[in-house]
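Worksheet: one structure, shown below.
The values are calculated or read from the model by the stated rules, or taken from the named source; none is laboratory data. Because the structure is a prediction, the values reported are computed rather than measured. Every residue, glycine as well, gets a Cβ built from its backbone with ideal geometry; the counts of neighbours run over all protein chains shown.
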Amino acid sequence: MTGRQDWIAGPGRALQGRVPVPGDKSVSHRALMLGALAGGETRVSGFLEGEDTVATGRILGRMGVRIEAPAPGERRVRGVGLHGLQPPAEALDCGNSGTGMRLLAGLLAGQRFDSVLVGDASLSTRPMRRVVDPLARMGARIDTAADGTPPLRVRGGHPLLGATHVLPVASAQVKSALLLAGLYADGRTRVQEPRPTRDYTERMLAAFGWPVEFAPGVASLAGGHRLHATEVLVPADFSSAAFFLVAASIVPGSELWLPGVGLNPRRTGLLQVLQLMGADIEVHEPREQGGEPVADLRVRHAPLSGIEVPEALVPDMIDEFPALFVAAACASGETLVRGAGELRVKESDRIAAMARGLRVLGATVHERPDGAVVSGPLSRGGGVDALGDHRIAMAFAVAAQCTPGPVRIRDVANVATSFPGFAGLATACGMGLEPGPAG
């Protein structure tokens, strides 16, 4: 990815058709990591060909793991076993991926060698003490910059001990890092969360044969076992589907089908919130795919009403809030969001970024420390800044479908980290979206 990229977006036509959104980013990351530590060859289908997940594969390759890509969306991972990773010759570049960096911190904490995790300008500002400090309580040695940000310097050769962690903030990334470190620890590692978060790591560990106990809000495992290669079928990413669910809901005359979308119960808070707002979303053919619940979704335009978002659903939709803010700006009445302070430390301050951009487009947004009050309408076009945040960029592309004038969305290149085909799928189903000269 090179240079600045902008989009020019505006109203297209009623959205119609089938939208095959790409594979789940969280599952793709974990499939590569656990496949690398397993014995035998793990086959991954539906792999997300995004820059974040490709970066994770490149990192594992630099530690001696052979990963083949026989076709787009497919990976063959030749596992080296729990203790088979080799010392990297250089720093390991996670790009824009906070998931990759935090999970790898846990995985690398138990290795016999030193390693350094670095990232791009955005990732280099993100807080890492939340994962480094609990890992330190297990015996890990990881240094950060003075302010707790990357790079992470992981000191190898320090034995890990299982511990019980009571997390102050619900975070699937932190939980996953601790469980990955627990694979190498002596004794049992237990993680307790203030609210349940997505359980991809727990489900996948079980699929790879590692004994793990988990229920909403708690997970535990003991060291001393092995991972066994398996086949992983990655479901379509709900976070990517979210933009099309909102777009079809707010554009009159729309009807979209989204096949094979992952519906992990710890991931689909937005689905429930949109339905509370009056969205017409139907779940068809629910089934299990690679240990994950999936279904086909049909969404049709429906008038939305503002609501107070149930705080209990916030951890289950933390990545989908940019899309929700757009739905709120197109709904009648006010939408109140509380308990979402985690949005302040994502790829950007997503509360501030969405508030600023929606105000440019005519909406009324009152920021709160942990959320916002949002109301519409979107009464004008204008220029908004995605701040290099992929989800902010896609959210404003959706918002522009309901503005009376065009919207220039600045700094959208990082959409390639999670959804490189977004623009093509968006225009194919009817959205008005085209590249614009950076400026």
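Of the residues that sit in segment 162-172 and are exposed (fewer than 15 other Cβ atoms within 10 Å of the Cβ) and at pLDDT 95 or above, which one is farthest from Pro127 (Cα to Cα)?
Ranking the qualifying residues of segment 162-172, first place goes to Thr164.
For segment 228-255, the candidate set comprises residues that are surrounded by fewer than 24 Cβ atoms within 10 Å (Cβ to Cβ) and touching a Phe, Trp or Tyr at 6+ places or on another chain (Cβ under 7 Å); within that set, the residue that is farthest from Ala302 (Cα to Cα) is His228. Annotation: of all residues in segment 143-161 being over 20 Å from the mean Cα position of the chain (by Cα) and crowded, with 21+ Cβ neighbours inside 10 Å, the one that is farthest from Val345 (Cα to Cα) is Leu160. Within this structure, Glu347 fails the test of being farther than 19 Å from Thr197 by Cβ, at pLDDT below 90 and not in a helix (DSSP H, G or I). Screening Glu68, Glu41 for residues that are free of Cβ contacts under 8 Å to residues at least 12 places away in the same chain, closer than 21 Å to Leu233 by Cα and touching a strand residue (DSSP E or B) at 6+ places or on another chain (Cβ under 8 Å) leaves exactly one candidate, Glu68. Is it fair to say Leu32 is within 14 Å of Arg76 (Cα to Cα) and surrounded by 21 or more Cβ atoms within 10 Å (Cβ to Cβ)? Here the answer is yes, as Leu32 does meet what is asked. Remark: pairs (first residue in segment 301-328, over 22 Å from Gly17 (Cα atoms); second residue in a helix (DSSP H, G or I) and of a type in the set (Lys, Arg); Cβ separation under 8 Å; 6+ apart in sequence or on different chains) = Asp319/Arg391; Phe321/Arg350; Pro322/Arg350; Pro322/Arg391.
Of everything in segment 341-375 that is within 21 Å of the chain's Cα centre (by Cα) and among the β-branched types (Val, Ile, Thr), the residue that is surrounded by the most Cβ atoms within 10 Å (Cβ to Cβ) is Ile351. When Ala109 is tested against (1) modelled with pLDDT of 95 or more; (2) out of contact with any His (no Cβ under 9 Å at 6 or more places or on another chain); (3) crowded, with 23+ Cβ neighbours inside 10 Å, exactly one condition is not met: (2). Being within 22 Å of the chain's Cα centre (by Cα), in the same structural domain as Arg112 (by TED's automatic domain parsing), in a helix (DSSP H, G or I) and surrounded by fewer than 20 Cβ atoms within 10 Å (Cβ to Cβ) is not true of Ala136. Set side by side, the residues Arg226, Arg195 differ, and just one is charged (D, E, K, R), assigned to a loop (DSSP other than H, G, I, E, B) and closer than 23 Å to Gly35 by Cα, which is Arg226. If you check Ala395, Ala426, Ala416 for being under 25 Å from Asp24 (Cβ atoms) and surrounded by fewer than 24 Cβ atoms within 10 Å (Cβ to Cβ), only one passes: Ala416.
Looking at this structure, is Val314 in a strand (DSSP E or B) and in contact with a helix residue (DSSP H, G or I) (Cβ under 8 Å, 6 or more places away or on another chain)?
Numbers: in a strand (DSSP E or B): no; in contact with a helix residue (DSSP H, G or I) (Cβ under 8 Å, 6 or more places away or on another chain): yes.
Judged against the criteria, Val314 is not a match.
Does segment 270-284 include one or more residues that are under 20 Å from Asp389 (Cβ atoms) and under 22 Å from the mean Cα position of the chain (by Cα)? Among the residues of segment 270-284, at least one is under 20 Å from Asp389 (Cβ atoms) and under 22 Å from the mean Cα position of the chain (by Cα), which makes the answer yes. Among residues belonging to segment 305-339 that are closer than 26 Å to Ala236 by Cβ and of a type in the set (D, E, K, R), point out the one that is modelled with the highest pLDDT. Checked segment 305-339; the qualifying residue modelled with the highest pLDDT is Glu320.
Quick one: in segment 256-304, which of the residues that are within 20 Å of Pro216 (Cα to Cα) and of a type in the set (Val, Ile, Thr) is modelled with the highest pLDDT? Ranking the qualifying residues of segment 256-304, first place goes to Val273. For segment 49-78, the set of residues classified as over 25 Å from Asn414 (Cα atoms) and touching a helix residue (DSSP H, G or I) at 6+ places or on another chain (Cβ under 6 Å) consists of Val65, Val77, listed by residue number.
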